[in-house]
Amino acid sequence: MAGRWQDRPVRIQCLQASRPFIQGMELMARADLGLKQEGNVVVMNRRLKEVLEAQSRALYSQYTDDLQTMAGVVPEEVRWLATYRDAGWAGPDRRFWGRYAVLTDAPEIAKRWIDSETQQQLMDWPEWVSDETPVMLMLQRGKTYMRMQMDRDGDTATALHALGLFDRASQRAMEMAAR
């Protein structure tokens with residue numbers, strides 16, 4: 001689906017996964033908010049961060065053990081681990097920090113973007129979405145993005161929750177830019 005969200009271009013797709021850490025179907029959304037955002041924020045579940053860290057170690061080992069140069073492309077998600085720090089701040093419930101990592105180069109922007117309502121939506125998934133289901137929500141380059149593994153065919157409840165979260169994140173980014 002492609003169209004407009006608050007007069008901004010948006011694309012939402014559900015298709016075969018394009019990333020190796022997502023199995024089966026992947027729900028993706030992107031809204032070009034046209035923001036002049038200074039910082040970048042990536043929210044992902046902790047299990048996904050562990051998977052990406054293992055992938056990062058394997059890539060590093062591959063290139064250093066064999067004395068190779070890095071001719072291949074390093075996945076964007078692996079670069080985030082090196083570029084952004086895992087921010088944390090007082091306020092969110094410890095269960096939130098147990099389930100999610102917030103990677104950013106701008107902790108104050110992350111803190112404002114992932115407000116209490118967004119945190120609540122991140123914690124209140126339908127019951128069949130586990131702590132290990134790959135979920136990413138991003139604010140980068142003036143755009144909001146979401147990627148999520150869809151574990152069940154025809155899972156309307158999860159898709160609607162995910163799109164509600166994406167809508168909330170996009171709205172929150174627009175509110176922050178207006179201030």
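Once the range 56-87 is narrowed to residues that are touching a helix residue (DSSP H, G or I) at 6+ places or on another chain (Cβ under 6 Å) and of a type outside the set (A, V, I, L, M, F, W, C), the residue that is modelled with the highest pLDDT is GLU77. Residues in the range 25-42 that are modelled with pLDDT of 85 or more, under 18 Å from the mean Cα position of the chain (by Cα) and not aliphatic (A, V, I, L, M): GLU26, ARG30, ASP32, GLY39, ASN40.
Taking first residues from the range 66-94 that are more than 30 Å from ASP124 (Cβ to Cβ) and partners that are open to solvent by less than 50 Å² (accessible area, probe 1.4 Å) and modelled with pLDDT under 80, the Cβ contacts under 7 Å between residues at least 6 apart in sequence or on separate chains come to MET70/TYR63; VAL74/LEU59.
Of all residues being in a loop (DSSP other than H, G, I, E, B) and out of contact with any Ser or Thr (no Cβ under 9 Å at 6 or more places or on another chain) in the range 133-155, which is surrounded by the most Cβ atoms within 10 Å (Cβ to Cβ)? Just the residue, please. Please lay out each step first, then the result.
Filtering the range 133-155 down to residues in a loop (DSSP other than H, G, I, E, B) leaves 133-134, 141-142, 151-155.
Those left that are additionally out of contact with any Ser or Thr (no Cβ under 9 Å at 6 or more places or on another chain): 134, 141-142, 153-155.
Numbers: PRO134: 20, ARG141: 11, GLY142: 15, ASP153: 7, GLY154: 7, ASP155: 18.
Out of the qualifying residues, it is PRO134.
For the range 157-179, filtered to residues that are assigned to a helix (DSSP H, G or I) and modelled with pLDDT under 90, the residue that is least open to solvent (accessible area, probe 1.4 Å) is ALA177.
In this structure, is ASP93 in contact with a helix residue (DSSP H, G or I) (Cβ under 7 Å, 6 or more places away or on another chain), among the acidic types (Asp, Glu) and modelled with pLDDT of 85 or more?
Numbers: in contact with a helix residue (DSSP H, G or I) (Cβ under 7 Å, 6 or more places away or on another chain): no; among the acidic types (Asp, Glu): yes; modelled with pLDDT of 85 or more: yes.
Answer is no for this residue.
In the range 150-179, the residues that are closer than 16 Å to GLU127 by Cβ reach residues that are assigned to a loop (DSSP other than H, G, I, E, B) and among the basic types (Lys, Arg) with C-beta atoms within less than 9 angstrom, at least six apart or across chains, in these pairs: THR158/ARG152. Among the residues of the range 84-132, those that are open to solvent by 50 Å² or more (accessible area, probe 1.4 Å) and under 16 Å from LEU48 (Cβ atoms) comprise ASP86, GLY98, SER130, ASP131, GLU132.
Report, by residue number, each residue of the range 20-33 that is under 16 Å from MET138 (Cβ atoms) and open to solvent by less than 60 Å² (accessible area, probe 1.4 Å). Before you say what the answer is, go through the steps one by one.
Step one: filter the range 20-33 for residues under 16 Å from MET138 (Cβ atoms), giving 21-22, 26-33.
Result: PHE21, ILE22, GLU26, LEU27, MET28, ALA29, ALA31, ASP32, LEU33.
The values are calculated or read from the model by the stated rules, or taken from the named source; none is laboratory data. What you are looking at is a predicted structure, and each value in this text was computed from that prediction instead of being measured. Cβ: placed from backbone, ideal geometry, glycine included. Neighbour counts: every protein chain shown. Just so you know, the surface numbers come from the protein's heavy atoms only, side chains and all, with ligands and any DNA or RNA stripped out. Shrake-Rupley method; radii C 1.70, N 1.55, O 1.52, S 1.80 Å.
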